[in-house]
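Reading through the structure tokens given below for one structure.
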Amino acid sequence: MRTRAPLRSRRAVLLCLALCTVGCNQRAIESWLTQSDGSEAGSLYTDAAFSRAMAELKKHAPSPVEALSLLVYPDHAVLQARDPAAPKTVVQYVYRSGTVSPPVPVKLLGTGKLDDNLFPLDSVKIATIPKLARDAKVKANIPEGVVSRVLLKRNLPDTTDVQFRIFVTSQRRDATLLADPSGHPIE
């Protein structure tokens, strides 16, 4: 009799966990799991850590970098860029803990043209990302909010402009702030 009760309890807990994760907002789960506020010494939202990360990524990506996107999280960064050896393909580099992964091919989806989506990474002031992350947290005015990610890419299909999108998340609400390629906020 004792073995049945704990087994039932475990099944109930597993069922509850399965039901909870099915109905939860992915961004909320992401923010709960990564409770970084961007102020930690190792966070890529600090100037020194971000500079190191970008220097490492630029060492590994062929120059000049024709980027599809740059995605910066508190603990890692993902650069997707054209592979000059195969101009119709994109490869992805991931920076984490001081190292960059070997390039991995990216599966491209959609009907758009690759050339319309790419932009020269050097044409954007990427060094403004740590400041944008700090400013976004303040402007979002979410006391428990954290910057979960910063995305840099073209604003297609609306415009061909390259934009920073800074995502501030919390358990209660989310905010997205936009900035132009120079790092100036877009109202």
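Bear in mind these aren't lab numbers, they're just calculated from the coordinates by the rules spelled out. In this text, all values refer to a predicted model and were calculated from it rather than measured experimentally. We place every Cβ from the backbone using ideal geometry, glycine too, and count neighbours over all the protein chains shown.
Using Cβ point charges alone (K and R +1, D and E -1), the dipole size of the range 63-118 about the Cα centre works out to roughly 120 debye. Ordered by the count of other Cβ atoms within 10 Å of each Cβ, fewest first, SER51, SER148, SER123 give SER123, SER51, SER148.
Rank the residues ILE186, ILE166 as a footprinting-exposure proxy: fewest other Cβ atoms within 10 Å of their Cβ go first.
ILE186, ILE166
What the Kirkwood sum gives for the range 48-186 is a hydrodynamic radius of 15.6 Å, with every pair of different alpha carbons counted.
Fewest-first ordering of TYR73, TYR93, TYR45 by other beta carbons within 10 Å of each residue's beta carbon gives TYR73, TYR93, TYR45. The modelled label-to-label distance for the pair LEU156/THR99, using points 7 Å beyond Cα in the direction of Cβ, is 3.4 nm.
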